[in-house]
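What follows is a set of notes on a single structure, which appears directly below.
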Amino acid sequence: MAQVYIIHGYGATPDSHWFPWLQTELEQLGIKCRRLTMPQTDTPVAGKWLEHLEQNIEVDEQTLIIGHSLGCIAGLTFLARNYQRPLAAIWVSGFYQVVEGLEELTPFSNLYAVSPNCADFKSYVIAALDDKIVPHTYSDNLAQHLKADYIRLPQGGHFLNEEGWTEFPLLLGLVKKLLNK
């Protein structure tokens, strides 16, 4: 059975942004979806986030991982460290390098190691040219690193609810396509 996991980012919760809307839409299609509650979201600790993912995600050939911002590098680290290969992953405003201005998140970048399996599954990266939190160049690099399909929107910011992102039809369409729904 198809299973979708949503990994939120820095300072967010499972109830932030477009996450609840996406879960509702997926469950209406009969797709199981879990919005994970990452620990210490305002002062994230890389090791604790990785441990939380290891305890709460079960990956098989029908698993789809969706990460937002810091949730992307945390998800990538989890997959690489545990040699997990999901059906696919969608990384929204993602990065894997140290982001200028977000140096407090450097331990996440230090934890992530280039892994031979990180491009062994289908990945999409979604970013916006006007993202002021994680500039699109970081998502550009992530897409190249993963050999991912890249969707760069002219506008969208960091895809936050305060920017109007309480729904995300483009993302829902990708999930439906990947899960043949």
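The values are calculated or read from the model by the stated rules, or taken from the named source; none is laboratory data. As the structure is a prediction and not an experimental result, all values here were calculated from the model. All Cβ positions, even for glycine, are placed from backbone atoms using ideal geometry, and neighbour counts span all protein chains on display. What goes into the accessible areas is simple: the full protein's heavy atoms, side chains included, and nothing from ligands, DNA or RNA. Shrake-Rupley method; radii C 1.70, N 1.55, O 1.52, S 1.80 Å.
Worth a mention:
- Helical mean residue ellipticity (222 nm; -39500 (n - 2.57) per DSSP H run of 4+; nearest 500) of the chain: -9500 deg cm²/dmol
- Förster-model FRET efficiency, 35 Å R0, T24 and Q144, C-beta, rounded to 0.05: 0.55
- For W21, the accessible area of its heavy atoms, probed at 1.4 Å with every protein chain present, is near 40 square angstrom.
- FRET efficiency, 1/(1 + (r/R0)^6) with R0 41 Å, evaluated for V98 and N180 via beta carbons: 0.60
- For the range 1-105, the solvent-accessible area of protein heavy atoms averages 40 Å² per residue (probe radius 1.4 Å; ligands and nucleic acids excluded).
- Protection proxy ranking of 155-165, 138-148 - average other beta-carbon atoms within 10 Å, highest first: 138-148, 155-165
- The share of accessible area on the chain that comes from carbon and sulfur is 48 percent, using a 1.4 angstrom probe.
- Taking a Cβ cut-off of under 10 Å around I6, the surrounding Lys, Arg, Asp and Glu residues balance to a net charge of +2, with basic ones at +1 and acidic ones at -1.
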